[in-house]
Amino acid sequence: MPRALIVIDMQADFCPGGALAVAGGDQIVGPVNALMAGFDAVILTQDWHPADHASFAANHPGTEPFSLTDMPYGPQVLWPAHCVIGTPGADFHPGLDLSRADLVIRKGFRPRIDSYSAFFENDHATPTGLAGYLRERGLLDLSFVGLAHDFCVAWSAIDAARLGFSATVIEGATRAIDLDGSRDRARAAMRAAGVTLE
Ligand code: VGL
Ligand code: ZN
């Protein structure tokens, strides 16, 4: 079965020095590049937010980054402004090998709704189109790497499993934000959804 490597959000803002830096995020660039050769296709996701995005604490006066708010689609963490469209922070890490990327899929560009998963907006209903792309190419065996383990990687892998793809997370090529135990919760949720952690 053809296999795709889905590289989640390997962007400057999620690496040390970035606006929403994940500890050790830059350490996985080499391992991610090395994995690419073993797959039939490589897909990159790119977090891509307008400056007025509803997931930014700065757009909710009186709130602090990393606090929780309620959105029409459920609870939402408020983040520092990050991956703003067209800014250097939204660029891929300069060390990431882009030569193997067949597709770059952007997510989070709708101002009123966040998008952690590569497959659906955070309402779990609005598709990004990625599932159709993968199915049309027969890419049904998916491995996930990148940032952040406990948010965009986990939500993507869980959605993939629910959609009927074979889904594996290569944990050594991920790093977690780990907000109030979110890493352990993400691991349990992935296992419950049938995602293989390796
Ligand atoms: C992510 C928080 C906000 C991620 C993206 O890539 O895990 N986390 N936007
Ligand atoms: Zn984001």
Review point. If we scan the range 62-80, do we find a residue that is within 16 Å of ligand 1 (Cβ to nearest atom) and in contact with a His (Cβ under 7 Å, 6 or more places away or on another chain)?
Key: yes
Check your understanding: Do we find that ASP141 is among the acidic types (Asp, Glu), out of contact with any helix residue (DSSP H, G or I) (no Cβ under 9 Å at 6 or more places or on another chain) and free of Cβ contacts under 8 Å to residues at least 12 places away in the same chain in this structure?
Key -> no
Point to revise | Test: residue in the range 94-113 that is away from ligand 2 (no atom under 16 Å from the Cβ) and on the phi > 0 side of the Ramachandran plot | key: no
Review point. Given the residues MET71, MET36, which is the only one that is at pLDDT below 95 and within 25 Å of ALA160 (Cα to Cα)?
Key: MET71
Exercise for review: Restricting attention to the range 146-159, report how many residues are more than 9 Å from the chain's Cα centre (by Cα) and touching a residue at least 40 places away in the same chain (Cβ under 8 Å).
Suggested key: 2
Exercise for review: Quick one: in the range 38-57, of everything that is surrounded by fewer than 20 Cβ atoms within 10 Å (Cβ to Cβ) and free of Cβ contacts under 8 Å to residues at least 60 places away in the same chain, which residue is farthest from ligand 2 (Cβ to nearest atom)?
Suggested key: GLY38
Check your understanding: When residues of the range 29-57 are filtered for being in a helix (DSSP H, G or I), touching a Gly at 6+ places or on another chain (Cβ under 8 Å) and within 16 Å of ligand 1 (Cβ to nearest atom), how many remain?
Key -> 2
Review point. Is it the case that the range 170-183 has a residue that's within 16 Å of ligand 2 (Cβ to nearest atom) and either modelled with pLDDT under 95 or over 16 Å from ILE28 (Cβ atoms) (or both)?
Key: yes
Practice item. State yes or no: is VAL84 under 18 Å from SER117 (Cα atoms), modelled with pLDDT of 95 or more, within 13 Å of ligand 2 (Cβ to nearest atom) and in contact with a Phe, Trp or Tyr (Cβ under 6 Å, 6 or more places away or on another chain)? Key: no
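The values are calculated or read from the model by the stated rules, or taken from the named source; none is laboratory data. Just so you know, these numbers come straight off a predicted model, no measurement behind them. In this analysis, Cβ positions are derived from the backbone assuming ideal geometry, glycine residues included, and neighbour counts consider all displayed protein chains.
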